[in-house]
Amino acid sequence: MIKTILVPATGSDMDIAIFRSALTLARAFAAHLEVLHVHVDAAALAATMASDAGGGATVIGLVDRIEEEAGRREAAATRTFREFCARERLVLADAPIAQGAPSAQWLRQTGDEAYWVAELGRSADLLIIGRRTDDPGVSVDTIETALLGSGRPVLISPAAGLAAPPETIVIAWKETPEAARAVGAAMPLLSTAKQILIVTVAEDQGLSEEGTRLLTSLRWHGFNVSLRRLPPGPQGAAGTLLAAAAEQDALVVMGAYGHSRLRQWIFGGFTRHVLRGAEVPVLMMH
């Protein structure tokens, strides 16, 4: 079950939509929201920026500017959280309460956002993060670090947020451990969906049986499941998959596939395409 959900709050205009998505699932599972704001370490960031620029004379002034912006963001994030909880009548709690309703908690850390999201995410059942577009919300690097460093599923929310739990779920299936872990992590959501579509995208005709065993397995759970095999279109495998999900207004469940051990935040092209280009909600697991 999903009982604890970690939600980064950045102080940007994206926060309210992410809070809505998180509350939608929290209500479905009577879960607790841990809303995290990470206040940037102004001195450390200024030192890094000055070093990259080749000089340290401007560090003091830079620290002040960074700290001023960080304070503005924290104030905005805190205000949005408080107003949201008041409007939605969310109970504030830092320990389990004896009621079948969602609750919320404000968490604050100082330092690197990606580090703290991954660190605190390890004890959550689910992380819900908004995709950065033109708004300076959570960065793609933070999402990637959360996927690789938390060991937990990450739900990347669409810009508008989730108004209701997904009725249709598309499983982007490959015969890999990452995909299997993603399906396992998504079981609470799969159990509430009205229909589940397993989609495989491959040019290799030898993979014609891929997905069949998963289909049978999920039917043993009593789920309404079907299987669809697609050839990659002009937009590639990721684009084909996302188009199929958009047609169904579905949540996508997929593994997050990395291809480099030299820099642990580097993912393969398929995963990067989904992280940067998906307009549908995506639940990923590495």
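Laboratory data are not the source of any read-out in this text; all were calculated from the coordinates shown. The shown structure was predicted, so the numbers you read here are calculated from the model rather than taken from an experiment. As a convention, Cβ positions derive from the backbone with ideal geometry for all residues, glycine included, and neighbour counts pool all protein chains shown.
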Query raised in the report: By average Cβ neighbour count within 10 Å, what is the ranking of 194-200, 84-90 from highest down?
Result: 194-200, 84-90
Query - Long-range amide H partners of G233 with built H, under 5 Å - result: T240
Query raised in the report: What is the set of long-range amide H partners of V282 at a cut-off below 5 Å, with H atoms built 1.01 Å from backbone N?
Result: I156, V252
Query - Using a Förster distance of 41 Å, the FRET efficiency for R108-E279 (Cβ separation, nearest 0.05) - result: 0.85
Report summary line: Hull volume per residue for the range 4-157, using the convex hull of the C-alpha atoms, in Å³ is 105
**Report entry** Derived scalar couplings ³J(HN,Hα) [the range 223-229; Karplus, 6.51 cos²θ - 1.76 cosθ + 1.60; whole Hz; x for Gly, Pro]
**Finding:** 7, 7, 10, 9, 10, 9, 10
Query raised in the report: Can you tell me the Rg and Dmax of the range 84-192, counting just the alpha carbons, in angstroms?
Result: 15.6, 45
Query raised in the report: Listed highest first by mean packing, meaning other Cβ atoms within 10 Å per residue, what order do 141-149, 153-161 come in?
Result: 141-149, 153-161
